[in-house]
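Take a look at the structure below.
The values are calculated or read from the model by the stated rules, or taken from the named source; none is laboratory data. No experiment lies behind these values; they were computed from the predicted model shown. Cβ atoms come from the backbone with ideal geometry, glycine included; neighbour counts cover every protein chain shown.
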Amino acid sequence: MILKRVHLGRVSYSFDTFNEIKDQLIQYYTLNKDEKVAYKYKQLKNMTSRIHDVVISLALCHNVSPIISEDGKITYQSSSPDEIAILKWCESVGITLFHRDIGSMRLQFPDPLNNNKNTIEYEILEIFPFTSETKRMGIIVRNVKTHKIIFYMKGADVVMSKIVQYNDWLDEECGNMAREGLRTLVIGKKKLSEQFYEKFMKDAKININNRNEAMQNVVTKYLENDLELLGITGVEDKLQDDVSSTLELLRNAGINIWMLTGDKVETACCIGISSRLISRNQSYTIMSKLIDRNEIRDKLELLEASNDSCLVIDGETLKNCLMFEKKLFISVALKLPTVICCRCSPTQKAEITKLIKEYTKSIVCAIGDGGNDVSMIQAADVGVGIVGKEGKQASLAADFSINQFSYLSELLLWHGRNSCKLI
């Protein structure tokens, strides 16, 4: 995974212009060192300050641990490859996470006047981990030097758009990045006074019954509102080698393929086309944000009349389809060459797997590489886990473990056929 784009509202930086961010950070630290220069270039300081806020937020809001080897090189450990890609990018532009323990983090940043690096320490006050239900994570830190307390949060645009201050560019830019096949993350921050933080902690400790729900209510009340929108990141998740040829081989063998993903609709469409799950000359129908029963039925009936079209459906619409038109949806979807379900929760992935088993009476194989795929893998007749950047949760929960997606063709078409012959 590689971070390919950062958008700050007024300006967008891509892979080719990230060196400008590095230069801006050096200017920021220069202006903060020299008060006379800072006064002269006040407007420039405001611009560099915004870039600095974005990079610092990305360097702090995560669950990554740095490991320093004997030769001084830093490697990052995390269950999320997205976070590792972001931390590597922060290091490339000049802000390096070089220490983390249970209560603090230390960052290195450039000192342009002395031509070396300075360090800054942050005390970790609270962490709110990412979950597939909340689709966001947050952290409260205190700058040890200035004693300022800041709440940073990052997450999916669908949830962050309701939490950050009003703006007129978030939805459009997230859509633009998604159409490029990038995974988007929205970043925001909120400055907290000492009194405000103490009041938040007091309320958080009072609620004992239904602890998780009560804590979330307190976080929503005090923290998850009116955040300053800092920017959006776009991370590219490259396809493994031979994915498209493997999918084509499996389809030619008469295997129906569904893609269940947590990505946005636009990102999923881009991946579907690049992997040739959707062929270049094939049309596809998008069912997104549909809540009306009649509208859902009309869309499904149109799809039924056009069996060659692929279906792209988001999690919200899928939930409503299964609620209002379950039999019609499954009967139509099973006739289509390809179905892509986007914004799926782990629960929905497992539910779809069980639904296909129930209605087709066929053998269902589920393939996944992350923790979000475990419930789906366990719900299938045959579970295949891919070992890789997402960790080993999927492979440990599966019946079979492979290192690359392309190994599926040999597993299913050779070993699978031989197993059938032995029955």
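If you filter region 382-423 down to residues that are under 23 Å from K361 (Cβ atoms) and of a type in the set (K, R), you find that the one that is surrounded by the most Cβ atoms within 10 Å (Cβ to Cβ) is R417. Of all the residues in region 101-119, those that are surrounded by fewer than 17 Cβ atoms within 10 Å (Cβ to Cβ) and modelled with pLDDT of 90 or more number 5. Between R179, R142, R183, the distinction of being more than 23 Å from the chain's Cα centre (by Cα), in the same structural domain as P81 (by TED's automatic domain parsing) and among the charged types (D, E, K, R) belongs to R142 only.
When the strands (runs of 3 or more DSSP E) confined to region 273-355 are screened for residues that are at pLDDT 90 or above, those reaching at least 3 such residues are found at 310-314, 338-342.
Looking across region 163-184, the residues that are assigned to a strand (DSSP E or B) and closer than 26 Å to S275 by Cβ come down to L182, R183, T184.
Candidates in region 291-327 are the residues that are touching a Lys or Arg at 6+ places or on another chain (Cβ under 7 Å) and of a type outside the set (S, T, N, Q); of these, the one that is nearest to C270 (Cα to Cα) is D314. Right, D314: touching a Ser or Thr at 6+ places or on another chain (Cβ under 8 Å), crowded, with 21+ Cβ neighbours inside 10 Å and among the acidic types (D, E) or not? For D314, the condition - touching a Ser or Thr at 6+ places or on another chain (Cβ under 8 Å), crowded, with 21+ Cβ neighbours inside 10 Å and among the acidic types (D, E) - is met. Taking region 396-423 as the range and being touching a helix residue (DSSP H, G or I) at 6+ places or on another chain (Cβ under 8 Å), assigned to a helix (DSSP H, G or I) and of a type outside the set (G, A, S) as the test, the residues that pass are F405, L408, L412, L413.
A quick yes/no check of all residues on (1) of a type in the set (S, T, N, Q); (2) not in a loop (DSSP other than H, G, I, E, B):
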{"residue": "A59", "(1), (2)": "no, yes"}
{"residue": "H62", "(1), (2)": "no, no"}
{"residue": "P66", "(1), (2)": "no, yes"}
{"residue": "T75", "(1), (2)": "yes, yes"}
{"residue": "D82", "(1), (2)": "no, yes"}
{"residue": "A85", "(1), (2)": "no, yes"}
{"residue": "K88", "(1), (2)": "no, yes"}
{"residue": "E91", "(1), (2)": "no, yes"}
{"residue": "F98", "(1), (2)": "no, yes"}
